[in-house]
Amino acid sequence: MKRFMAGIVSIDKSLYVIAGFVLACMIVLTLFDVILRNLHHPITGSMEFIQYGGSIVFGFSIPYGTLLGAQVIVDILTEKLNPGMKRSINIITRCVGILLFLFIAYNFFLYGIDVRHSGERTASFKIPYYPFSFALCFSFLLQSFTIFRDLILVVKGAEK
């Protein structure tokens, strides 16, 4: 189980590094596109790269954010509860979160298969859509594993 937990942390960090690299590339691309646009030579297809880069940055940063506990938690109702009840609510919400992100991953997978069969591609560079759908599927699957890791910690009583 320790290898599983360490593997989740390692993959989360790797995806986060990829998201950071893609974000840096998007910043550089936007900078050059703005400069060249003012010189009447815009970068063709830059919007495509920004859109798909944004999906990668968004999707790949979610699991590591969950790992760090960086999400906003509104605990107005639960702060007045006893520790046992808080623990039960944490277990329930994590189970719901796991199911939600598995559902999202499954639907991205189905969408990726559908788009792959239809052969849809971007307008400028003819980049296929389906790899981005599968990347987001993987990211949300990993998100459900990350929440499962949190669930194990809550059940063991070793919450963050």
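Take Met47 and decide whether it is surrounded by 14 or more Cβ atoms within 10 Å (Cβ to Cβ) and over 19 Å from the mean Cα position of the chain (by Cα).
So Met47 fits the description; yes.
For (1) at pLDDT below 95; (2) open to solvent by 30 Å² or more (accessible area, probe 1.4 Å); (3) outside any loop (DSSP other than H, G, I, E, B); (4) closer than 25 Å to Phe148 by Cβ, each residue gets a yes or a no:
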site: Phe4; (1), (2), (3), (4): yes, yes, yes, yes
site: Ser10; (1), (2), (3), (4): no, yes, yes, yes
site: Ser14; (1), (2), (3), (4): no, yes, yes, yes
site: Ile18; (1), (2), (3), (4): no, yes, yes, yes
site: Ile27; (1), (2), (3), (4): no, yes, yes, no
site: Leu31; (1), (2), (3), (4): no, yes, yes, no
site: His40; (1), (2), (3), (4): yes, yes, no, no
site: Phe60; (1), (2), (3), (4): no, no, yes, yes
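Based on what the data block shows, is Tyr111 more than 14 Å from the chain's Cα centre (by Cα), farther than 19 Å from Gly7 by Cα and at pLDDT 95 or above?
yes
Determine, yes or no, whether Ser124 is over 25 Å from Phe4 (Cβ atoms), in contact with a helix residue (DSSP H, G or I) (Cβ under 7 Å, 6 or more places away or on another chain) and surrounded by 16 or more Cβ atoms within 10 Å (Cβ to Cβ).
Spelling it out, it is not the case that Ser124 is over 25 Å from Phe4 (Cβ atoms), in contact with a helix residue (DSSP H, G or I) (Cβ under 7 Å, 6 or more places away or on another chain) and surrounded by 16 or more Cβ atoms within 10 Å (Cβ to Cβ).
The values are calculated or read from the model by the stated rules, or taken from the named source; none is laboratory data. The shown structure was predicted, so the numbers you read here are calculated from the model rather than taken from an experiment. Glycine also receives a Cβ, built like all others from the backbone with ideal geometry; neighbour counts cover every protein chain displayed. SASA here: full protein model, heavy atoms, side chains in, ligands and nucleic acids out. Shrake-Rupley method; radii C 1.70, N 1.55, O 1.52, S 1.80 Å.
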